[in-house]
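Written out below as structure tokens is the structure these notes cover.
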Amino acid sequence: MTFLNEYAFYIGAFGLILIGLLTILLRHHLIKLIIGLSIMETGINLFLIAIGYISRGTAPIFPVDGGAGTVMVDPVPQALVLTAIVIGVAVLAMALGMAIRLHGHYGTLDMRRIKELKW
Amino acid sequence: MVNPVLLLAVPMGLAFTVPVIERITGRVSRWVPVAAMLFNLVLCVRLIPAVLEGPVIVQLGGFVPPFGINLYVGPLGLFFAGLIALAGLVISVYSLTYIRTGPLARYHMLYILLLVGATGVALTGDLFNLFVFFEILCISSYALVAYNGDRAGLESSVKYLIQGSVGSSMLLVGIGMLYGIFGTLNMADIARSVGMVDQGVLFVPLIFMLGGLGVEAAIFPMNAWLPDAHSSAPSSISAVLSGIAIEVGLYAVARMVFTVFGISDLFLFLAFLGVLTLLIGEMCAFAQSNIKRMLAYSSIGQIGLILFALAVASGVTVTGGLFQFVNHTFSKGLLFLSAGYLIYRSGSMEISSLQGMGRRMPLTSLAFTVGSFSLVGLPPFAGFPGKFLIVRGALERGGTVIVVLTGLVLLCTILEGAYFFRVVQALYFREGISGGSGERAPAAAAVAMILLMMLILALGAYPQFAETFLRSAASDLMGAVEHVGSVL
Amino acid sequence: MRVLLSLAVVAVLAAGIVTVLRDVPFGGNSSRLGSHFVENGREDTGAANIVTSVVLGYRGFDTLGEVTVLFVAAVGLGALLVAGEKNAPRKLEKASMVLTTGSRFLFPLILLFGAYIFIHGHLTPGGGFQGGAIIASGYLLVYLGSRDRRLGKNWAASIETGGGLTFVLLGLAGLTAAGHWFLSNFLPLGVPGQLLSAGIIPIIYVAIGLKVGVELTGVIDSLMGGTE
Amino acid sequence: MIFLVAFLVLVMLAAAIAAFFFRDLLSAVIASCIVSLIASIIFFLLQAPDVAMAEASIGAALLTAILIIAIRRTGRYEE
Amino acid sequence: MTGVEIILAAAFAGALLTWFIGRTSSTAGSAFAVAVLLALTALVALLHGRVYETVFYRGFLGLPMSLRTDSLSWFFAMATTVLAALSGIFSLSYMKDRKNTGFFNTMLLLVNAAMLGVVFSGDLLSFFIFWEIMSWSTFLLISFNRGQGVNAGLKYIVMSLVGSMAMLVGIGWLLGAFGTLNIARLSELIPSASGGHQLVLLLLFGIAFGIKNAVMPLHTWLPDAYTEAPSPFTAVLSGMLTRMGIFGFLLILYVMAGAARVLHSPGSTVPTYNVVLAWLGAVTIVVPTFIAMLQNDAKRLLAWHGIGQGGYMILGMAFGTGMGLAGGIFHTLNHAIYIVLLFMSVGAVQHRTGGVRDLNSLGGLARKMPVAFIGALMGISGLIGVPLTNGFVSKWMIYRTLILGGAPFLAFAALIGSWGTILSVYKFLHNVFLGQLPSKYENVRSSPVSMKIPILVLSFAILLFGILPGLPLKVIDGIVVSFGLPSLDVSLWGIASEAGTLNTVNLFAALAVGVLVVLAFVRILGRSERVGQDSNYSAGCGVPRDRYNYTARYYDPLFRMISPYLKDFFSTLYDGLARGIGSLCEAVRMIYTGYVSSYVMYILLFISAMIFIHLTWNPW
């Protein structure tokens, strides 16, 4: 029980990261790789937020009337994740754009066949 | 005193204005990078006296570190900012005429932002901020590598993107772990508290960050993207990527190892890794028949050399490594720039098709020759002082392993000499093949190449000038305690 | 072989992570940084939403970088796709009437909602990025509904430039007007919790919201392809 | 509460694994969209409403949309 | 500015100016180059007898760079400039109708300037810098002729880089150990270093100088380079540039390490450094000389002699008595004179025959090109060491040293080398200038004036130094004394030693008598008869010229006998090594497979391997 309590989020976060990595390592299709990247980034975001969590803390937003003295979770990871999400979507959009162009050139997105540049 | 933050803010603002400028008049946008980099260069020169007295700490938003983000403008940061501005200026002059097709305004925007990203990495004193600037650097280089939109460019760009994203993710995981352990993101703050934590725990985040930054720095097992990307990009971008992007990556690695973690146990391993990178890079370059791919592999080799120099971690070798940074930026920049027009003229990247170019494009061939001589480390070009300092420092430091590694480094120099001289011979001493377009390098490109050649010669003949500054940059890099003291 | 190696690599990574996590317990105490921000955030920046005060106040420079990243992505995608677009615009099947009407009806509402999100970024959850994304999804709806409607290029360019420049210029104004630091607040902070409070933060968030909205729309636009 | 979390995490991981295995890219995208959505809920449970909003609007909605656009322009099935 | 600085500045500025002048007019450029070289000769001559040191540059990494001049520097500088000037004159007509004359002249001047820099350097840093400039400009000149020259140049520069890198390590180590690179300071400090360190140092520098001087296992670059370089430059290359290795050896052995320390380590059973060097010298004499015999390319034949004669210098120098040292240095000078002469003669022949230097297809040119013939004759006389030519004196001194020093095997090796020399250079002289003139060379004209002048000057010098060896030996004696060895008993006519005196007057008398006797003998007994080439000797069939011209396949039986033993083993070895490295490189680059998942795997493998090591062994 305590194990779950302590580690459920971490398991989720790193589970996502590892599954994302496995997708990148074992799948061949470019879109699949991009999905893997997105899953991995979600996992990382989850990990960051989980680091900042404080037991029984509240969201770091002050209501209009005071609210002083309440325990609030760490706002820093949240700010970081906000940035990371945007960066992630920027990278993935770029990747998708390239995938579209690449498909135009090669007619396939199987990375096993897209290896003209080697050695 | 001028505020160093302008080094980032002004080019960024200029890049933001390009879309509107492009809408109004299409011809001005290509001058924006020139203006931005010229501004940066002037600013860097004006900052030199202040920085030599002591590092300038910029508290962004007016919040004291570690609560706000701070820029740490020490001699090292300023050195990189100046180098980026100088190389960026020369290469942007070159691109004035080199880039003539495609969405030009977007090229120039991305180009400025790439340099802004690099400058930001060099100046920032905050881990997450480092990550953000790295992303600016990387994403703009993904786009620029694919700028030509040809098969090779897209293929290499997408591979670069995937590896780069995995690297960035690893970096972010590492940063997250560090935040979990220390509860802060400020480099100086972490460096201060690093001694109070069990060293074993720190190792995993360090390795994650090393792996992530290693992708950008092209350290051996992580550098597979480099030959593809650098050889497929437009030549001006290859020059920036080789001359600036990977060097900034290596700077970040050094910053982590020296300042943030301050662990000396790994130095020997890093020196070994550097020599391995050097060996692999030079050996692969030796086996290439495609000139840009050869230059790209040679960049891997140079990164290995510099990593070795930094990892030996004596004052002299670090100075030498920084000197090699300068030399590599100028020489590899010059090589890529000249190769750009050689390829343009001959219509092929094969070395065999460049035969006889010495007669058809004398200036460009001369530039290539100077660049390759300098990179091999022959006097009186800029490569020699750097190599001399590295060898001298490594031997001074002594130790069997280091001496053996130094020997390997020099063996690699011979290999490097062999393949560069082969190209020089092809340019001048082999019978030419006619064909290709009949165009000479235009004035802007010639100006850029002549400027770089003069810089290389000047540095080779009077290294003292750079060395005095680099020595304080080296002590800036190695002095973690001073770093902490000046920030907090 | 490859599968086994991958699994082994991932397993070792997991093992390494576990060793670190032993020292970083879940739900532990707030970090020094976090507690400082929670305690002083309102006084320092005037924003009731501490995340916003971190995003735009303490770590405002990160956000400038973040905006730049998005800008780079939009510009880069444009360079990548618009440049390579040689084929003529593809013929698209007309959307159904329900979709068209629905999107026309919903679009202003979504726009308004997005605007609400970023204007109130310093008070309630949300901010420029979320608001911008919502605006972009509104545009997505328009694309789905009436296939040939596109964002005006001049408008897009002006908003992109305007948003970015606002951010940078506000920062520079902070450099000259207040405290000699880039991005320093130079406007009155007001009372935390009111709409007109927190100095430059709402202005920046509005700029970001518009800019992000336009850029994300541009991203979708580029990916859809076949325009103009 | 704890069981809710455990359940969500399980579903999220299952969706991620499904995204790994699906040959139909569209299904994989939907699976990854589910991952994002659940992640967004977990963010909310972890007292991060800002992030939850961002993840929902950007990660789940926008990213899925552009993935689908890309799939439409390249091809639906992994060969 | 002091004299040395002026000379160096003039040399480098001259090179630069030549390029600019050559851009406008190649004739003017060549003329200017010769003028610069002559002026430099005069300037160096003025420097005679000066000994001083001057710091000329402080801008290099905090290490002052200095120039110095003493008898050793002056001797080498003088030889360098004179030979370079003569080569410059020679090249006036040689390069006349070729492309890129301006480039050639510039590089020639640059090489010359760099050589002057090497000999005048007062510290090892400037030594190294000039050395490297010399190396790469030489590389450009060797490649100049294209074709095979490209490969020769690459071989040269790679081996040269090996040497430079060894030297760089040596310099770095010296700087680390003693904190200075000034040669004068080091010569005080090095003797205090331990024997092991000294040995490492000598080894490192020995590799560098050994490669430049083509000592036996490191010689493989030389035949190709000499053969393929343009003839005027081959003259410079063979005359002085290669001998910079000797200069380096002198510098490191005698100036820096100190003669006393290096040479005499009494009671040691381990062969000392100089003994090893002497044996290498002996091997270098014997093997290349016989390989030379096998060559059918005139320049290649001379090139192998270049290696072999280098062995004499090493032998004399390494043996290290005053006489041997003087012999070695004197042989350096003599060798420079006659090998330059020989290459010029070959160059003249090449110039007139359209680049032919194959010994099997030439012949009988003596009558057509008398001056070149005289040059070649004097050259081979010097090379063999015929009495009254300069080679005789220096070889005599070396033999004398070896015999007196109790090294009969070395002396025997040197003697064998001389026999081989006689055989092979006779082949050279005969196949080019004597025998039948192939009909296609009936219309060959005599060599142009600008080629005749240096050939005649050098021929005269061979006789002059052979008859009056005291002229250069006085200077060399000064060098020997400056190394701390006892002075030699030198007179204008010869040299005295404890086992006999060399007096060229007596020799001259003896030789004159001998020649008269032989001449009378020949006159009385030998009446040769002229036979037409188209006589009925072949029974009316057409004579296959190449086979029956008796210059073809000279020494063929001898070849068959000895050639199996004379393979250039080291060249094969190095070629194999280069090929091995090449295929290794090909293999290494296969790790970049082009498959992106593998690349990601590399990244993750690095991270996980590190973590694995950390978790398992915990070394950090």
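For this structure, a couple of remarks:
- Looking across the stretch E:343-372, the residues that are among the polar types (S, T, N, Q) and closer than 18 Å to E:S93 by Cα come down to E:S345, E:Q350, E:T353.
- Single residue of C:V75, C:V67 found to be more than 7 Å from every other protein chain (Cβ to nearest Cβ) and touching a Lys or Arg at 6+ places or on another chain (Cβ under 7 Å): C:V67
- Enumeration of residues in the stretch E:565-620 that are among the hydroxyl-bearing types (S, T, Y) and away from chain A (no Cβ under 14 Å): E:Y565, E:S571, E:T572, E:Y574, E:T616
- In the set E:A184, E:A225, E:A166, only one residue is assigned to a helix (DSSP H, G or I), away from chain B (no Cβ under 13 Å), small (G, A, S) and surrounded by fewer than 23 Cβ atoms within 10 Å (Cβ to Cβ); that residue is E:A184.
- Within the set E:R523, E:R530, the sole residue that is surrounded by fewer than 12 Cβ atoms within 10 Å (Cβ to Cβ), modelled with pLDDT of 75 or more, on the phi < 0 side of the Ramachandran plot and of a type in the set (D, E, K, R) turns out to be E:R523.
- The single condition from (1) closer than 17 Å to E:S231 by Cβ; (2) hydrophobic (A, V, I, L, M, F, W, C); (3) free of Cβ contacts under 8 Å to residues at least 60 places away in the same chain that E:L141 fails is (3).
- The one condition in (1) within 7 Å of another protein chain (Cβ to nearest Cβ); (2) within 30 Å of D:R73 (Cα to Cα); (3) not basic (K, R) that A:G107 fails to fulfil: (1)
- Enumerated helices (runs of 4 or more DSSP H) restricted to the stretch E:379-497, each holding at least 2 residues that are among the polar types (S, T, N, Q): E:390-404, E:408-433, E:449-467
- Every residue from the stretch B:381-433 that is hydroxyl-bearing (S, T, Y), facing chain E (nearest Cβ under 8 Å) and over 28 Å from E:I142 (Cα atoms): B:T406
- Only a single criterion out of (1) under 30 Å from E:G594 (Cβ atoms); (2) in contact (Cβ under 8 Å) with a residue 24 or more places away in the chain is not satisfied by B:I175, namely (1).
- Test: B:F373 is in contact with a Lys or Arg (Cβ under 7 Å, 6 or more places away or on another chain) and either modelled with pLDDT of 90 or more or within 11 Å of chain E (Cβ to nearest Cβ) (or both): no
- Residue within the stretch B:289-304 that is without any contact (Cβ under 8 Å) to a residue 60 or more places away in the chain and at negative phi present: no
- Residue match in the stretch B:337-345 (condition: under 26 Å from the mean Cα position of the chain (by Cα), within 24 Å of B:A443 (Cα to Cα) and not in a helix (DSSP H, G or I)): no
One line per residue, one yes/no per condition, for (1) surrounded by 21 or more Cβ atoms within 10 Å (Cβ to Cβ); (2) within 14 Å of chain B (Cβ to nearest Cβ); (3) within 21 Å of the chain's Cα centre (by Cα):
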residue	(1), (2), (3)
C:I135	yes, no, yes
C:Y139	yes, no, yes
C:G145	yes, no, no
C:E160	yes, yes, yes
C:G163	yes, yes, yes
C:L169	no, yes, yes
C:H180	no, yes, no
C:V191	no, no, no
C:Q194	no, no, no
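- Of residues in the stretch D:42-67 being under 13 Å from the mean Cα position of the chain (by Cα) and β-branched (V, I, T), the one nearest to the other protein chains (Cβ to nearest Cβ): D:I58
- Single condition D:F7 does not satisfy, out of (1) more than 9 Å from every other protein chain (Cβ to nearest Cβ); (2) within 20 Å of A:G36 (Cα to Cα): (2)
- Exactly one residue out of C:V12, C:V24, C:V20 is assigned to a loop (DSSP other than H, G, I, E, B), of a type in the set (A, V, I, L, M, F, W, C), facing another protein chain (nearest Cβ under 7 Å) and surrounded by fewer than 24 Cβ atoms within 10 Å (Cβ to Cβ): that is C:V24.
- Number of residues in the stretch E:52-74 that are modelled with pLDDT under 85 and loosely packed, with under 15 Cβ neighbours inside 10 Å: the value is 3.
- For the stretch B:1-49, the set of residues classified as in a loop (DSSP other than H, G, I, E, B) and of a type in the set (S, T, N, Q) consists of B:N3, B:T25, B:S29, listed by residue number.
- For the stretch B:75-168, the helices (runs of 4 or more DSSP H) that sit wholly inside it and include 3 or more residues that are away from chain C (no Cβ under 14 Å) and over 20 Å from A:I114 (Cβ atoms) are B:75-98.
- Figure legend. Inter-residue proximity from the stretch E:166-192: first residues β-branched (V, I, T), second residues at pLDDT 85 or above and assigned to a helix (DSSP H, G or I), beta-carbon distance below 6 Å, spacing 6+ or different chains. Indicated pairs: E:V169/E:L204; E:I171/E:L124; E:I171/E:F128.
- Of D:A6, D:A61, D:A14, all but one fail to be part of a helix (DSSP H, G or I), crowded, with 18+ Cβ neighbours inside 10 Å and aliphatic (A, V, I, L, M); the exception is D:A61.
- Test: residue in the stretch D:24-41 that is among the charged types (D, E, K, R) and more than 9 Å from every other protein chain (Cβ to nearest Cβ): yes
- Test for D:L25: is it crowded, with 21+ Cβ neighbours inside 10 Å and within 17 Å of A:G43 (Cα to Cα): no
- Inside the stretch B:187-237, residues that are within 25 Å of B:S165 (Cβ to Cβ), outside any loop (DSSP other than H, G, I, E, B) and not hydrophobic (A, V, I, L, M, F, W, C) make up a count of 12.
The values are calculated or read from the model by the stated rules, or taken from the named source; none is laboratory data. The shown structure was predicted, so the numbers you read here are calculated from the model rather than taken from an experiment. For neighbour counting, all protein chains shown are included, and Cβ atoms are generated from backbone atoms with ideal geometry for every residue, glycine included.
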